[in-house]
Amino acid sequence: MVATMGTQATVERLKAVDLLRNCSDDQRVQVGAGEVLAREGRIGREFFLILTGAVAVTQEGRRVNTLGAGDFFGELAAMDPGPRNATVTALSDLDVLIIGPREFSAMADIPGFRDALFRSMARRLRLAEARLAAALVAPDRGRHRGKASPASPRL
């Protein structure tokens with residue numbers, strides 16, 4: 001689950017930050033359904049805040065999440081530019097705020113934004129750890145039923 005901030009409240013908070021005063025007008029972008037906003041493996045630096053619409057988040061072609069108005073993605077790339085870990089595709093017409101690393105750094109000084117960001121990242125990390133643990137346990141399930149898993153050696 002991703003932290004959700006009210007769209008209008010978020011835009012108002014952004015206007016209160018000098019570096020971001022015009023962000024809601026200058027960096028607000030409309031995207032059509034089916035367009036890719038971020039592609040897995042490609043280098044990224046931008047943070048995206050969804051104002052309206054919905055996106056699908058996929059990894060290796062498998063949907064892992066759906067995000068909507070008030071949700072955000074790209075925080076890892078904004079903090080530490082590098083390859084994107086997921087592809088994000090618009091499921092509907094979308095209105096997004098695209099924020100570069102400099103503006104993102106200024107936003108991180110806003111306590112409400114910073115706290116929501118950290119909570120979101122903590123939830124995502126917990127979910128990733130749970131999925132990893134489940135994937136590591138899955139091959140062992142076959143052995144407990146008297147069957148060897150394909151990856152386990154036969155002695």
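The values are calculated or read from the model by the stated rules, or taken from the named source; none is laboratory data. Not measured: the values here are computed from a predicted model. Cβ sites come from the backbone with ideal geometry, for glycine too, and all protein chains shown count toward neighbours. For accessibility, only protein heavy atoms count, side chains too; no ligands or nucleic acids. Shrake-Rupley method; radii C 1.70, N 1.55, O 1.52, S 1.80 Å.
Is it the case that Ala54 is open to solvent by 20 Å² or more (accessible area, probe 1.4 Å) and either under 23 Å from Leu127 (Cβ atoms) or within 11 Å of the chain's Cα centre (by Cα) (or both)? Walk me through it before giving the result.
On the way: open to solvent by 20 Å² or more (accessible area, probe 1.4 Å): yes; either under 23 Å from Leu127 (Cβ atoms) or within 11 Å of the chain's Cα centre (by Cα) (or both): yes.
Against the criterion (open to solvent by 20 Å² or more (accessible area, probe 1.4 Å) and either under 23 Å from Leu127 (Cβ atoms) or within 11 Å of the chain's Cα centre (by Cα) (or both)), Ala54 qualifies.
Which one is most open to solvent (accessible area, probe 1.4 Å), of the residues in segment 72-112 that are in contact with a Pro (Cβ under 9 Å, 6 or more places away or on another chain) and under 8 Å from Phe47 (Cα atoms)?
Here the answer is Pro101.
Output the number of the condition that Glu129 fails; it satisfies all remaining conditions of (1) over 18 Å from Arg28 (Cα atoms); (2) of a type outside the set (A, V, I, L, M); (3) surrounded by 12 or more Cβ atoms within 10 Å (Cβ to Cβ); (4) modelled with pLDDT of 90 or more.
(3)
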